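Just below is one structure, and these are the notes that go with it.
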Amino acid sequence: MAGRSMQAARCPTDELSLTNCAVVHEKDFQSGQHVVVRTSPNHRYTFTLRTHPSVVPGSIAFSLPQRKWAGLSIGQEIEVSLYTFDKAKQCIGTMTIEIDFLQKKSIDSNPYDTDKMAAEFIQQFNNQAFSVGQQLVFSFNEKLFGLLVKDIEAMDPSILKGEPATGKRQKIEVGLVVGNSQVAFEKAENSSLNLIGKAKTKENRQSIINPDWNFEKMGIGGLDKEFSDIFRRAFASRVFPPWISLSGLDLLASFLFL
């Protein structure tokens, strides 16, 4: 689909501003689609869409963090085109996110469990586009946090072919959150946020299923060849989302974030 000119608008509701989605009228796009927004020839930003009847057809609405990230102003003319993810290369394996309290007045010393945060994040933002440098607001335990995406690494699809994992961490700029994506939180510099749990860093949030399972290292090398493919294939469905085949890759004040 060729790009079309649309006008940037303000997100219509507080609830929608917390979805991290751009908002359009259903006459223009469907909810769940992804688009690339071009603000200039060299600046493009990827968003997932939701629809709302109050958005004027021909407009696309953004929250304040989204407008800040993309450098958008209300009424600005932008080019919008549909975007399709390559799910063999752009599913997010791990994502590092900087986190802090959204408001100074909401600062407290309570411990925040990053494992629960990560699970809630995946639930809230499943099948959504994320980019390095993206800013957003995250609601957790009735408190709002400001997030900044620091790093994204793609899942390694090689194990789906019955091959050893490459061991390489392929960094990507834009990716799609799926049910098996892993999220690691790190508090912003000088933040007093008290993070606990295992999802504080990527290094501490490794999958309990190791794609590089090696029986030889366990002292039973004779079984390595026979079992490695079995284990790799058996666990592939747990490491990757179900749409990948084993046979291949076939409420605060609105001004805060509206």
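The values are calculated or read from the model by the stated rules, or taken from the named source; none is laboratory data. None of these values were measured; they are calculated from a predicted model. Glycine also receives a Cβ, built like all others from the backbone with ideal geometry; neighbour counts cover every protein chain displayed.
Of the residues making up the range 36-50, one or more are assigned to a loop (DSSP other than H, G, I, E, B) and over 20 Å from GLN124 (Cβ atoms). Number of residues in the range 18-37 that are over 15 Å from ALA129 (Cα atoms) and buried (at least 17 other Cβ atoms within 10 Å of the Cβ) equals 4. The residues in the range 56-66 that are assigned to a loop (DSSP other than H, G, I, E, B) and within 25 Å of the chain's Cα centre (by Cα) can be counted, and the count is 1.
Here MET155 meets each of (1) in contact with a Cys (Cβ under 6 Å, 6 or more places away or on another chain); (2) farther than 15 Å from LEU18 by Cβ; (3) assigned by TED's automatic domain parsing to the domain that holds VAL37 with one exception, condition (3).
Residue-by-condition table, conditions (1) outside the structural domain of VAL149 (by TED's automatic domain parsing); (2) surrounded by 13 or more Cβ atoms within 10 Å (Cβ to Cβ):
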residue: THR51; (1), (2): yes, yes
residue: ALA70; (1), (2): yes, yes
residue: SER73; (1), (2): yes, no
residue: ILE99; (1), (2): no, yes
residue: LEU102; (1), (2): no, yes
residue: LYS105; (1), (2): no, no
residue: LYS116; (1), (2): no, yes
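Residue count for the range 118-138, restricted to those that are buried (at least 16 other Cβ atoms within 10 Å of the Cβ) and either part of a strand (DSSP E or B) or aliphatic (A, V, I, L, M) (or both): 10. Can we say ALA88 is surrounded by 13 or more Cβ atoms within 10 Å (Cβ to Cβ) and outside any strand (DSSP E or B)? Yes.
Annotation note: of ILE92, ILE60, the sole residue that is in contact with a strand residue (DSSP E or B) (Cβ under 6 Å, 6 or more places away or on another chain) and under 29 Å from ASN141 (Cα atoms) is ILE92.
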